[in-house]
1. Mind listing whichever residues of segment 56-70 are of a type outside the set (S, T, Y) and not in a loop (DSSP other than H, G, I, E, B)?
2. Checking the conditions here, which among G78, G73 is part of a helix (DSSP H, G or I), surrounded by 12 or more Cβ atoms within 10 Å (Cβ to Cβ) and in contact with a Ser or Thr (Cβ under 9 Å, 6 or more places away or on another chain)?
3. For segment 34-55, enumerate the residues that are open to solvent by less than 50 Å² (accessible area, probe 1.4 Å), in contact with a Ser or Thr (Cβ under 9 Å, 6 or more places away or on another chain) and outside any loop (DSSP other than H, G, I, E, B).
4. Taking segment 85-105 only, how many residues are part of a helix (DSSP H, G or I) and crowded, with 18+ Cβ neighbours inside 10 Å?
5. Given (1) open to solvent by 70 Å² or more (accessible area, probe 1.4 Å); (2) farther than 23 Å from A75 by Cβ; (3) touching a helix residue (DSSP H, G or I) at 6+ places or on another chain (Cβ under 9 Å), identify the lone condition not met by L13.
Amino acid sequence: MIKKLNDKNRKRLHRKIHIRKSIYGTAERPRMTVTRSNKNLSVQVIDDDEGKTIASISTMEKEYAAVKPNTEGAAKLGEALGARLKEKGIAKVVFDRNGYLYHGVVKALADGARKAGIEF
């Protein structure tokens, strides 16, 4: 499978595999993973012990359809996800950047969640 990917995606997949060896989400501290594309941005908070998604947010939802996947939109999405997590009583998460470099949209999303009171 890896041979079929182009070089950029192959490098991201290797980074992702390397990162996921050490990152694991529990019920007390779930894993917050980011998926981005040119058109959309989505975030899931996952409890790896049970294999269930606790909360998720995406620009594909109706209320966030106007949010663009740039740094300003990512910050808004991070704050909204932080509010959803606070409602469920979660204050600490493990951040999984999913192989993406920690700058731009991914960094803005993390900063938005921190602004809402989520600890990494």
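1. I57, K62, E63 - these are the residues of segment 56-70 that are of a type outside the set (S, T, Y) and not in a loop (DSSP other than H, G, I, E, B).
2. On the way: G78 fails: in contact with a Ser or Thr (Cβ under 9 Å, 6 or more places away or on another chain).
Matching residue, one of G78, G73: G73.
3. Scanning segment 34-55 gives V34, L41, S42, V43, V45, I46, D47.
4. 2
5. All conditions pass for L13, except number (1).
The values are calculated or read from the model by the stated rules, or taken from the named source; none is laboratory data. Note that the structure is predicted; figures quoted are calculated from it, not measured. Positions of Cβ are backbone-derived with ideal geometry, glycine not excepted, and every protein chain shown enters the neighbour counts. SASA here: full protein model, heavy atoms, side chains in, ligands and nucleic acids out. Shrake-Rupley method; radii C 1.70, N 1.55, O 1.52, S 1.80 Å.
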